[in-house]
Structures are given as C-alpha cells and as structure tokens.
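Structure record follows, encoded as structure tokens.
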Amino acid sequence: MTPFETADLQKLVNYNLIMADKDNTYSTNQIKKLSECHSSLGKNNQLAAPKLSRWKDLNQAIIDWWNNDAIEATSVKISEQNNFQFYDPIQKKILSELFTKFRELYPKKNVDFEFSFITKEATKQIMGEEYGITTHFTYEFTNGDYSEYIRLKTAHDPEPALIDRAIISKFQAENEEYITAALGKEELIDIDLVDNPDEIIEHYFKILEEYLTDRQKIKPGDYCNFCNMSSTCGQFPLVSEGKINNRVRQVKVSKTNLVKLNSCERRAAWNVQYGLPREDYVEFETESDATKFHNYAQKMLVNNSENLDERNIDNFNEVTSTEDQVTRDKLFKKYQGLISKLQEYSNLEIKDSEYQLGFTCIADGVDIKNGELVDKKVATVFMGKADLVARVNGVPLIIELKTRPEIPEDLLESQLYALGASRLLNEEEVIILHVYSLENSTQVKERRYAESELNSIKEKFESIAKKIGSWVPYNALSPKYNVGDWCGFCEFRNTCSEYRVSDGQKEVISLEEIIRKEKEELKRTKNELSNEKENLIKEHADLEEERREKLNEILLLEQKEREQTDKLNIKTKELTNVDKAISQRLDKKYIKNEKERLKKEIENIKKESKNSKTIKEKEQLRLRDIEEELKLKEPMLNNINNQLSPILVVSNLENDLLNLLKIVLKDAGYETHEKINELDEKLSIETRTWEGFRGKKEPNPFTDARYLIKLIEFSINNENHVPKLSHFKNLKNEFNDLRDVLNKEHHTSINPNHVRVVELGTVIIKVIKSILKTKHYSGETKDYIKEYSKKANSLVKPFKKSLAKN
Ligand code: SF4
Ligand code: SF4
C-alpha cells in the first residue's frame, strides 16, 4: 500500500467511515443546544447578527485569497474588496485585522487546502436508525500524508466544546493535527484531547435519544441569550401586533444592554447587534461578594419556606461555611436584612431563581439588501434574569437583590420584568420588589403593576423597539451615540471616540444631512406630484367613462320614450275602435227591453217593500190587539183555571191524547183510517196474537185512543211487523200504564175528581216526555208534541197544587 493510499484510506475512516443519513446528523453545536433546551432547535428566524456575517465574510476572504494566484497585495485587496465592501469602517477594520492575523499565522504554502464540509462524525443506532454527531472544521491543510484540521475562532474563548474534543479524540489518527486558529489571541492552539471520548460521546447520544423519544417543553436558562428561538418559543411572549416569521429581523436585548441603551444607543447596539469586541474584556473574574450573596440567598430561599422564618436565620451560616469570617459576617448581615424585609409578605412562596423573563416587540425597521437600505419589520426580544421568582397570595412577585443603592434604571428593569411576567403567566397584576442590601442597612422599593400601567409599559418598549429597528445592519455607525458620565464605564470608549466626528466633520455631516434631507424632500415632492398626476389622469378617465355611460343611458331613455309614445297611439286607436264596436252592438231594442225589465224590477221591489210594510204594520196592529186581548183575558183565564172542573180537564186530556196519538201514527205513515185498517189486517194475517190482543175491531180507529195505544203496544212487541214504530221499543211500560189509566177512567161511572185528574195527567205527561226523549221527532211534529206537553202540564198543575195544599 502506498503512503497516498494509506492517507486516503485514513481520511475515509476519519471522515465518516460510518456516515449517517443526512437527516439524522446533528452538529455538536446542535447537540449542545439540545442539552440545554429541546425547543432551542426549532426553525430559525433570521437573526440580526452581523457578527455571524462577519465571520462568514472573513472565511470567504481567506478562501478567495488562498485560491488567488495573484501577488499577495493584489489577492488580499481583491478579497477584502469582494467580501468587506458593505461594512462600515469599524467592522471593515476588524475584518481586515483578523484577515491579517490569519495570513500571519498561515502564510500561503504549497500544501493542499480544503475548506468545505470537513467533519468528523460519531454514529449510533437509535431506535433501529443510524444517527450521527458531527464536529466541523473550517479548513484542512494536507501535505503528503500529514493533515492539519483548523477550527477558525475569532471569539475571546476559543476552547472547543467537550463533545467536539471527544469526537476529535476518538477519530484522531497518527498524522493529524487539530488546531484552533484563535485570531483574537493571534495564536494557534492545539486542541486538547480527552481520555474518555466514548463515555462523553455516549452521554451526548443519550441527550439526542431523549430529544428524539421524549421531547420536553421549553427550559429557559442563561443560554436563552444565545438561542435563535427566543422570539417564538413562548418564554418571551409577543406583546405587539404582528407575527414572527422569516421576513422579520430579530434582535435580542439583555437587561444590561437595555439599561445602557437608555443612556447611549451606540453602546447597546455595539453589544447586541454588531458584536464589536469589548475593550474591557477580562478573562477571569473572581466571584464578587455581590454574586456570592445572590447565590447563597437563592440557595437558601428557593422552595424553602422554612428559611423565610426569621427564627431559622442561622441556617445561612451553614451554606457560607467555606467563606472567610469577614465575608461570612458581611453576607449574614445582608441576608438578615433581606429576611426581615420579606416578613412583610405573608403567604410568600419563592419558586425559582435566575429566571428568564421578558417579551418581544415588533416595530418598523430597516435592513440591507444587495447593499441597499430596505424597510423591514424588526422583532426585539427584551430579556432579563430575575433573581427570585415568587408568589404572594397568588400574585406574582419578582425580587431583585441589589448590593448598591437605588438608581433610576431600576425602574426600567422593574417594567421589563412586570410586563414579561404578566404576559408569560397571564396575570393582570404583578409586584416587583427591589431589595437594596447596603453596608449598614437594607431598603426596599415595591412597585405594583396593573393593567393600565402594563399597557403604558408596552407602548414604551415598542418605541424603544422602533429605535432598535432603525440600526442598520453592517453599519455600526448608524446608531446614535450620546456622550455622558457613563462613557467612563463604557466597554467601547476608545473605539467610540476614534469614530466620533470632529466639529469640522460635524459641520460637513450636518451640511450633507441638510442636502440629503432636501434631496429626500424633493424626491418626496416629486413622488407626490407624480402620484397626484396619476390620480388626476385616473380621475379624468373615470369621469370620461361616466360621461359616456350617462350619454348611453339618455339615448336609451329617449328610445324607450319614443317606443312608449308609439305604443300609446296604437292603444288609443284600438280603444276608439272598441268604443265604436260597443256602441254599434248596443241596439235600441235591447236598451228598451232592458229599461222595461229594470222598471218592472223597481216596481216589484217597491211593491214588495210596500206589501211588507203593510204586512208589518198589520202584524204590529194584530200584535197590539193580541197583547191587549191577552191583558183583558188574563184575569178571566186565571178565574177559569181556578174554576176548571175535573170532568172537563179529563175530557181535554183525553182529547189531546187522541190527537197526539194520531200525530205520531201519521208520522209513521198511518195518517188515515184506511192506512190503520190496512195495518190492522196485516197484523191479523201475520200474527196470531193481534186479534186476541186487540179485541173487537174498531171501524174508525182514529176515534179510539185505547185502540191506537194497543196498536202501538203490539207494534213494540212485534217490531219486525211494524218497523216504522220501532223508536217506541223502550216505551212499552209507559204505553202500558197509559192504557191502564184510560181503561180505569172508562170503566167507572163516578165523575173524576182531583186525584184522578192528576193520575191521568201524570201518566200522559210521562208518555209525552218519553216520546220526546226518543229524539225521533223534529220540526212541526216535535213542536206539536211539545205544545201538547205544555198544555197537559198547565191543565194538571192547578190540581197538583190543590192536592199539595190539602
Ligand atoms: S429561548 Fe430559552 S426557553 Fe426559548 S427555546 Fe431558546 S433556550 Fe429554550
Ligand atoms: S463611549 Fe460613550 S458615547 Fe461612546 S458608545 Fe460608549 S457610552 Fe456611548
């Protein structure tokens, strides 16, 4: 095997000997993010991070330079021109310096140079599929069988992550070097290998497996500051109208930079948007007493209500046991002050510490596209880390621990937390408590925020977001600077003063500004005029169109009117003709006949009305006569009634009974003697019993009530022979009683008395009632029967009364 073959083979082994499917491959950076918060690996929105663009452009400049065979000065110039042209002078200078440093560390040599997708990958089977974790290198220099893998780093801390080092350690081959080109430090640093790469890689695969099998909700922490998902993950809710999508530029502003922004925009912008290197960078800082106090207090109080009791104050000494006595005393004093102030809050529960709180605002802003300034929406995520997060009687309470006196910026901080907490927790009221633990005292400042205050805070931060949106990416000089006392503590004070304009420059700038504004004004006026012209032309065209439409309408109306007139003329003619035809048809004879007929009708009507009038008058007269007659006869009638003889009454009753029997037989179709005789004969022939029952035959049946009653009685028993009397079928007893009482009357020679009148009358009245009850009769017949009933009652009534008296 030739050395070339060995190197190539080795390369294969190193570069993904076991290559994972692309979709299942995660970079070490992604795995690191997953280890912090599963949600941080969502779909990225565009980040306003020119520092990242700066890194990309530096990389491209290096590649261009290396691959350019022109002389050094020319290739450098061309690379810089091509890749740094859009940057402002500060960033151009930074890029040029880093580019120079790289060229000094790696001057052009006759070696192979690789710059794309240089990786080493560890793989593992998870749920039956192969997954990979990949560490990336920026360049690879190869000289024969020797390879140098370079990680380009511009940050102050160039140390690769543990997982990168583990993968490198695992796949390291004999003829390979792994180097970090730390441009910030102007150093080439060998990457430290680890002794237990498998263990570390396994640990990270475990994290990946957890993510794949049991994805967790957001888990905020310090890393939120570096997370691309902060405006969409929900931890920093959107408070403005609008939507976050990939057409929105995003800027993250920490609480510290928010405070800086309050005094100087440039200082905040250089930190959050342009990532300019700080001049006060200190690699290692000893933990201050303030930090210690924060840490110990948080440790004591989170989820530990016992320690909120003043009686347990000494527990604090346990956690500070490793500190020297002076420090312990100082810290205890502060802690004591804090606990005593917290006594004012009953039902206090401290739930968390160092908790990320904030919100997102969207505002109109700008961006650079192909070197041109364009409008763009900008989402600003305002975020801060609250020292202690609590609830008091259910209301959110944020506690900020300060080891310095109150400053005006604390108000801004409290507003940031208040709006963030209210939106995150969906609460309408939030309390922010600043505790100032000073040398000899502890003071507190409590601020309560309700709906109206929270709305004003939102508006305030939206106007801050508008300022932030106006910072032009690539141009670190676009944010305004504001010189003041704070400059003494500014991390950019040298760079800033170097890039501040002198009075002379200021004048030129202000003239340029005036000209620019005038140009803009002219451009605006020109646009307005051109818009106005366009509007006028459009208006004119619209009016012309309207005129045409109206003309057409008028023409149509005229046409319609003409048509209507023609139609009217035709109809008038038709009408005249019709009139003529009608008058012709109505001849004289017809009219004469009609007249006569009408006259007759009128005369008849008149006659009728005269007749009816006469009749009416006659009737009225007759009625009057009757009434008078009645009046005259009434006393006589009473007298007669009183003097009625039982003989006459019995005779009357019998006479009326005969008439009643005739009526009911007539109704049944036996209205004459002949008809009754025919029936008699029929019954004699058809029944054997009739003649026996009847006795002697009556030649004039309608004169003998008892015969007629017998006939009816027999008919009741022989319904099929005399069906026409079948409606009497239930009156057998009544007729039988009637016949008995009549027989009694006829078989005695003694004149009837009151008792006999009542006896006969009662039986007759009962028969009449029963006949009416059959409901067989109607009309005149019924009226007659009723009349007879009335009469029978009136005849019998005086006798009943007289019997009752006696
Ligand atoms: S911002 Fe924080 S909480 Fe939100 S996804 Fe990123 S790391 Fe997670
Ligand atoms: S030095 Fe002063 S003016 Fe310049 S960025 Fe810093 S704070 Fe602003």
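The values are calculated or read from the model by the stated rules, or taken from the named source; none is laboratory data. These figures come from a predicted structure and were not determined experimentally. In this analysis, Cβ positions are derived from the backbone assuming ideal geometry, glycine residues included, and neighbour counts consider all displayed protein chains.
Criterion applied to 750, 712, 716 was being assigned to a loop (DSSP other than H, G, I, E, B), among the aliphatic types (A, V, I, L, M) and over 12 Å from residue 654 (Cβ atoms), and the one residue passing it is 750.
Residues of region 327-365 that are buried (at least 19 other Cβ atoms within 10 Å of the Cβ), in contact with a strand residue (DSSP E or B) (Cβ under 9 Å, 6 or more places away or on another chain) and farther than 18 Å from residue 303 by Cα: 334, 337, 357, 358, 359, 360, 361, 362, 363, 365. Looking only at residues in region 189-234 that are among the acidic types (Asp, Glu) and either assigned to a helix (DSSP H, G or I) or surrounded by 14 or more Cβ atoms within 10 Å (Cβ to Cβ) (or both), the one that is farthest from ligand 1 (Cβ to nearest atom) is 198.
So is residue 456 at pLDDT 95 or above and either farther than 24 Å from residue 221 by Cα or assigned by TED's automatic domain parsing to the domain that holds residue 53 (or both) or not? Here the answer is yes, as residue 456 does meet what is asked. Residue 630 meets the conditions (1) assigned to a helix (DSSP H, G or I); (2) farther than 30 Å from residue 753 by Cβ; (3) modelled with pLDDT of 65 or more in every case but one. The failed one is (3). Looking across region 115-146, the residues that are out of contact with any Leu (no Cβ under 6 Å at 6 or more places or on another chain) and part of a loop (DSSP other than H, G, I, E, B) come down to 115, 116, 117, 127, 128, 144, 145. Residues that are part of a helix (DSSP H, G or I), without any contact (Cβ under 8 Å) to a residue 60 or more places away in the chain, buried (at least 17 other Cβ atoms within 10 Å of the Cβ) and among the charged types (D, E, K, R) occur at least once in region 277-300.
Taking each residue of region 94-108 that is among the aliphatic types (A, V, I, L, M) and looking for partners that are part of a loop (DSSP other than H, G, I, E, B) with beta-carbon atoms closer than 6 Å, six or more apart or interchain, yields 98/154; 98/183. Residue 474 meets each of the listed conditions (1) closer than 19 Å to residue 263 by Cα; (2) surrounded by fewer than 23 Cβ atoms within 10 Å (Cβ to Cβ); (3) touching a Phe, Trp or Tyr at 6+ places or on another chain (Cβ under 6 Å) apart from (1).
Going residue by residue through region 404-419, is there one that turns out to be in contact with a strand residue (DSSP E or B) (Cβ under 9 Å, 6 or more places away or on another chain) and in a strand (DSSP E or B)? Checked against the condition, which is being in contact with a strand residue (DSSP E or B) (Cβ under 9 Å, 6 or more places away or on another chain) and in a strand (DSSP E or B), region 404-419 yields no hits at all.
Does residue 339 satisfy the criteria of being over 48 Å from the mean Cα position of the chain (by Cα), more than 16 Å from ligand 2 (Cβ to nearest atom), in contact (Cβ under 8 Å) with a residue 24 or more places away in the chain and more than 30 Å from residue 468 (Cβ to Cβ)? So residue 339 fails the test.
For the residues 235, 250, the requirement of being touching a helix residue (DSSP H, G or I) at 6+ places or on another chain (Cβ under 8 Å), of a type in the set (S, T, N, Q) and assigned by TED's automatic domain parsing to the domain that holds residue 489 singles out 235. Exactly one residue out of 103, 151 is of a type in the set (D, E, K, R) and under 18 Å from residue 177 (Cα atoms): that is 151.
With respect to (1) within 16 Å of ligand 1 (Cβ to nearest atom); (2) surrounded by 23 or more Cβ atoms within 10 Å (Cβ to Cβ); (3) within 24 Å of residue 429 (Cβ to Cβ), the lone exception for residue 390 is condition (1). Going by the structure shown, is residue 242 more than 16 Å from ligand 1 (Cβ to nearest atom), in a loop (DSSP other than H, G, I, E, B) and not charged (D, E, K, R)? Yes. Within region 463-486, not a single residue is under 17 Å from residue 421 (Cβ atoms) and hydrophobic (A, V, I, L, M, F, W, C). Scanning region 429-442 for residues that are surrounded by fewer than 17 Cβ atoms within 10 Å (Cβ to Cβ) and either modelled with pLDDT of 95 or more or in a helix (DSSP H, G or I) (or both) gives a single hit, 429. Is it true that residue 268 is in contact (Cβ under 8 Å) with a residue 60 or more places away in the chain and within 30 Å of residue 52 (Cα to Cα)? When the stated conditions are applied, residue 268 passes them.
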